[in-house]
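Visitor: Mind having a look at this structure? Questions to follow.
The values are calculated or read from the model by the stated rules, or taken from the named source; none is laboratory data. Computed from a predicted structure; not experimentally measured. Here Cβ is always computed from backbone atoms with ideal geometry, including for glycine, and neighbour counts include all displayed protein chains. Ligands, DNA and RNA are stripped out before the accessible areas are found, and what is left, the full protein with its side chains, is counted by its heavy atoms. Shrake-Rupley method; radii C 1.70, N 1.55, O 1.52, S 1.80 Å.
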Amino acid sequence: MPDIPRSETISTRQQTIATRAQQAPEVSFTSLNHHIDMAWLYEAYRRTRKDGAPGVDGQTADAYAEHLEDNLRDLLDRAKSGRYRAPAVKRAYIPKGDGSTTRPIGVPTFEDKILQRAVAMVLEPIYEQDFLDCSYGFRPGRSAHQALRVWRDELMRIGGGWIIELDVERFFDTLDKVQLRAFVRRRVRDGVLLRLIGKWLKAGVLEDGAVWYPDAGTPQGGVLSPLLANIFLHEVLDVWFERDIKPRLKGRAVLIRYADDAVLGFSQEEDARRALAVLPKRFGKFGLSLHPEKTRLIDFRPQRGDGPSGPSQPTRRRSFDLLGFTHYWTKSRRGYWVIKQKTATDRLSRAVRRVGQWCRDHRHLPVGEQHKELVLKVRGHYAYYGITGNAWMLKRFLRAVLRRWRYWLDRRSQRSYWTFERLNRLLARMPMPQPIPVHSSWRSRSEPVI
């Protein structure tokens, strides 16, 4: 493709949009679509994953790239002229954390992903100036580990307290499209972009060979869906909590939200109960409902006295899970109460189960090839769960992986006899990565991790 743009050029244009949005927080942008040109679409294509599943048209990234310039030029023309028709989204199901239920996701076509990425690249610099610091999900430069670190530090600062675990029931399926459009129009009034967003919200869903058109919700899995979800919850929860709730509280409070998962911490029990009473009404006003069992109030204060403590005995059953980690109180080496985070039990079980299934399905491979793949899987587990204070759960994961690997190596044939001694001799020649916390608070950035 001739005259391929540099990503730095696109970033400069995005920075210009962000600066204008920051200087005029109350202004609605009426002209934005001129930023989407061939250079912008090519950058959107570059940022789009090429290994994703094809959509309803069956077109892969490789097939689209054969005539990339012509395809992008035609896509740009249809998007600007209003002739673009949002294709139906293919419905797929992925298992949830417990493994017994599934979550529906939408699979757009590859071309649709490119256009959604291009629109998101225009909208993101605007809304990044509006989003509050309490929001961490699917935002540039922010991660789940940052949310966990800030959440722990804030809880330590207020000395624990009362925690509200917030669970929005079927958020992506019940999101009110009318309310969402109203929220978007507060900052964006460009006709081309609003028309495209409207088409994506009205796009059908292909399931079991039939296309149906839901009245509410946005397909989870679309490129633009995380940004739209953040826009919606920014207005429904974040701004409301900072503007209307915090000024009325007697004590201190903190909110951390990652996409549609949120936790609220209060230093006073009365404040927490008042907030818990009004939260269902607030979400109900915008067509959402809170899960009656998963939304709960937890007394998360350190245990008084010299009772037993430690990772195996969370104090007073005052633990809760957030982003795959269980938070609990325990005593530090100096005898002070501190909050620690460990891998949630269900996440550990799921990770071990998946590795065991892989060992079973690939036990016919040479041992060296199996070892290489297992090293990658173990490193991937450490990359997320390797935080300060969680080393003993990383060791537990590694031991479970080695047990399952030895078991399926032993089942390769009736003559095979893999004892732990034999496995240890193998590991002496081909070691596994040691469970070192990747996201350590004390480790120098220049020091190698694994």
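Visitor: Which residue, of F138, F110, F131, is closer than 27 Å to V192 by Cα, among the aromatic types (F, W, Y) and surrounded by fewer than 18 Cβ atoms within 10 Å (Cβ to Cβ)?
Guide: F138
Visitor: Picking from G209, G198, which residue would you name as being in contact with a Lys or Arg (Cβ under 9 Å, 6 or more places away or on another chain), of a type outside the set (D, E, K, R) and surrounded by fewer than 17 Cβ atoms within 10 Å (Cβ to Cβ)?
Guide: Just a single option satisfies the conditions, and that option is G198.
Visitor: So in the stretch 381-390, with the set limited to residues that are in a helix (DSSP H, G or I) and open to solvent by less than 30 Å² (accessible area, probe 1.4 Å), which one is farthest from P366 (Cα to Cα)?
Guide: Y385
Visitor: While we're on this one: Can you pull out every residue in the stretch 7-24 that is in contact (Cβ under 8 Å) with a residue 12 or more places away in the chain and either part of a loop (DSSP other than H, G, I, E, B) or closer than 20 Å to A182 by Cβ (or both)?
Guide: The answer is A21, and nothing else.
Visitor: Tally up the residues in the stretch 153-176 that are surrounded by 17 or more Cβ atoms within 10 Å (Cβ to Cβ), over 14 Å from L276 (Cβ atoms) and touching a Lys or Arg at 6+ places or on another chain (Cβ under 8 Å), please.
Guide: 1
Visitor: Next up: Between a first residue in the stretch 328-354 that is part of a loop (DSSP other than H, G, I, E, B) and a second residue that is at pLDDT 95 or above and hydrophobic (A, V, I, L, M, F, W, C), which pairs have beta carbons less than 7 Å apart while being 6 or more apart in sequence or on different chains?
Guide: Final answer for the pair search is A344/F325.
Visitor: Turning to a different aspect of this structure: Keeping to the stretch 381-427, report how many residues are of a type in the set (F, W, Y) and farther than 30 Å from K340 by Cα.
Guide: 6
Visitor: Given R282, R296, R301, which one is modelled with pLDDT under 95 and either under 25 Å from the mean Cα position of the chain (by Cα) or among the hydroxyl-bearing types (S, T, Y) (or both)? Reasoning before the result, please.
Guide: On the way: R282 fails: modelled with pLDDT under 95; R301 fails: either under 25 Å from the mean Cα position of the chain (by Cα) or among the hydroxyl-bearing types (S, T, Y) (or both).
From the options R282, R296, R301, the qualifying one is R296.
Visitor: Does the stretch 213-228 include one or more residues that are modelled with pLDDT of 95 or more, more than 18 Å from E111 (Cβ to Cβ) and among the polar types (S, T, N, Q)?
Guide: Scanning the stretch 213-228 turns up no residue that is modelled with pLDDT of 95 or more, more than 18 Å from E111 (Cβ to Cβ) and among the polar types (S, T, N, Q).
Visitor: Output the residues belonging to the stretch 382-429 that are under 29 Å from the mean Cα position of the chain (by Cα) and among the small types (G, A, S).
Guide: A383, G386, G389, A391, A400
Visitor: With the checklist (1) free of Cβ contacts under 8 Å to residues at least 60 places away in the same chain; (2) surrounded by 17 or more Cβ atoms within 10 Å (Cβ to Cβ) in hand, flag the one item L365 doesn't pass.
Guide: It fails just one condition, (2).
Visitor: Only residues that are more than 26 Å from N390 (Cα to Cα) and either touching a strand residue (DSSP E or B) at 6+ places or on another chain (Cβ under 8 Å) or in a loop (DSSP other than H, G, I, E, B) (or both): list them for the stretch 401-435, please.
Guide: R411, R412, S413, Q414, R415, S416, Y417, W418, T419
Residue by residue, here is whether (1) assigned to a strand (DSSP E or B); (2) touching a residue at least 40 places away in the same chain (Cβ under 8 Å); (3) open to solvent by less than 50 Å² (accessible area, probe 1.4 Å) holds:
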| position | (1), (2), (3) |
| --- | --- |
| E26 | no, no, no |
| A39 | no, no, yes |
| Y42 | no, yes, yes |
| Y45 | no, yes, yes |
| K50 | no, no, no |
| D57 | no, yes, no |
| D70 | no, no, no |
| D74 | no, no, no |
| K80 | no, yes, no |
